[in-house]
Structures are given as C-alpha cells and as structure tokens.
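Step one of this worksheet: look at the structure below.
Derivation of every value follows stated rules applied to the coordinates shown; laboratory data play no part. Quick caveat, the model's predicted, so the values are computed rather than measured. All Cβ positions, even for glycine, are placed from backbone atoms using ideal geometry, and neighbour counts span all protein chains on display.
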Amino acid sequence: MHRGLIISIIQMIFSLVFYFVAIPVFNGWLMLGYATLYTMLPVICLIIDEDVTKQKAMEYSELYKPLLKGRELTEKTFLFWFWRSIYQGISHVQLSRLDYHCFYLPLFQAFLP
C-alpha cells in the first residue's frame, strides 16, 4: 500500500505541475513489472513461510508483544504510513526537479546556439 501510494502521489504532483496533462510518469512496462513483482512477493512469502516453534516464540517473546496487544494495524499506524508516503512522494518529485534544473538543464543549454 505504501509504495503504491507514493507512485500515486508522484503522478498527482506531476499532473498538477504540468497543467493537468494526462501523460503517465512511468510507462506501462515499468508499472506492469512493479505490480507483478510486488503482488507476487507476498504470495511467495506465504508459500515458503513456516511456523515458529513454541520454544522459539518464547525465546523471542519481545517480537510478539505488539501483536498480543492488537497493534498490528491501527488507525494511527495507517495515518503515519499515509503521511509518510505523501512526504516521500513530494520529496521524490522535488529532488527530481532540482536534479534536472541543476545538472541536466545546463548540460542541454550548452548545446543550444
């Protein structure tokens, strides 16, 4: 969810900056590869997953304390992920624009008459 939201934020900012143009930031092959990889990995992880023995669970009990309290996904955690993905999407776009204006634009302008 977090990575998908970052891509959505990047696309939204791209459309806003360039006057609501309907051009995708990432082409279809990149999106297909991304969606295939990140939807395939959880299934593979479920297939190769194995249960933890009772002895190991007791040995590393501090890892399971939040799960016992029911804190695996709360509203606070969801909002934290949401705002963090918005921040990361905005920072990716801004750093890309800064990189373009500082490094690539002068390089292209050097070849213009």
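The value obtained for region 1-60, namely the Cα convex hull volume divided by the number of residues, is 92 Å³ per residue.
Charged side chains reduced to their Cβ positions (Lys and Arg at +1, Asp and Glu at -1) give region 2-109 a dipole of some 280 debye around its Cα centre. For region 2-109, the calculated P(r) over all alpha carbon pairs, in 5 Å bins from 0 to the bin holding the longest distance, is 2, 9, 11, 13, 17, 14, 11, 8, 6, 5, 3, 1, 0, 0 percent. Available extension along the chain between Leu5 and Val52 is 13.7 nm, counting 0.36 nm per residue and deducting the alpha carbon span.
Straight-line reach from Lys76: which lysines have a Cα under 17 Å away, not including same-chain ones fewer than 8 places off? Reachable lysines: none.
Partners of Lys65 within straight-line reach, counting aspartates and glutamates whose Cα lies under 18 Å from its Cα and excluding those fewer than 8 residues away in the same chain: Asp51.
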